[in-house]
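Derivation of every value follows stated rules applied to the coordinates shown; laboratory data play no part. A quick note: this is a predicted structure, and the numbers were derived from the prediction, not measured. Using ideal geometry, Cβ is built from the backbone for each residue, glycine included, and neighbour counts are taken over all protein chains shown.
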Amino acid sequence: MNRNRFFLVAMTVILVLSFTLIAVPLWAASQEDIKKEKDDVRKMSRETLDRLYKLQPSAKEAISKAAGCAVFSNFGLKIFVAGSGTGKGIALDNKTKKETFMKMAEVQAGLGIGVKKFRLVWVFENQKDLTDFINSGWEFGGQTSVAAKAGDKGGSLAGAMSVKPGVWIYQLTDDGLALELTAKGTKYYKDKDLN
């Protein structure tokens, strides 16, 4: 009877050790991948903001005075009548310094062929809009088009596009700042894997 019990305990220990030796490296690799992906998004955000500040120096003051901002990199592909785009980004709360990693997805319809890359910088003047964006996301409908206008903000948000009162977007392309944002079926939401 003791021999059977010893055998059962020994087998259990071997199984637990085997599982640990297999599972821990897989978990660690996954954690390393997540850390690398977060670092890549942070780097993209810093590079995008640096580029924006060179193109539009007043944007630095506007963003520093805002409740926060969100920075996204998008890659899109369109072939004939269908197209889509994906992107990653980060929302930054200026008050708490908290980072929230996010994603964007875009679906397009209409004739065309091409690849587009661009970066977006969202500026949220008040905390409620920033919090709503982070927690509930944002969705542009079928054919939203927003033109650049600083309105009563003068030069501090020059080059930005007003999405709604207190929410602005800078769109950076390879050629510089875009003067019009076309958002067709674009959705922004939290990245469950990185948060």
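Neighbours of residue 72, meaning other residues whose beta-carbon lies under 10 angstrom from its beta-carbon, give a summed charge of +3 when Lys and Arg score +1 and Asp and Glu score -1. One decimal place: the segment residue 136-residue 42 gains 31.7 nm when fully extended, by the rule 0.36 nm per residue minus the C-alpha distance. By count of other Cβ within 10 Å, fewest leading, how are 188, 170 ordered? Fewest to most other Cβ atoms nearby, the residues stand as 188, 170.
Residue order for 118, 133, 124, fewest other beta carbons within 10 angstrom first, comes to 118, 133, 124. Approximating the spin labels as points 7 Å out from Cα along Cα→Cβ, the residue 126-to-residue 192 distance works out to 3.2 nm.
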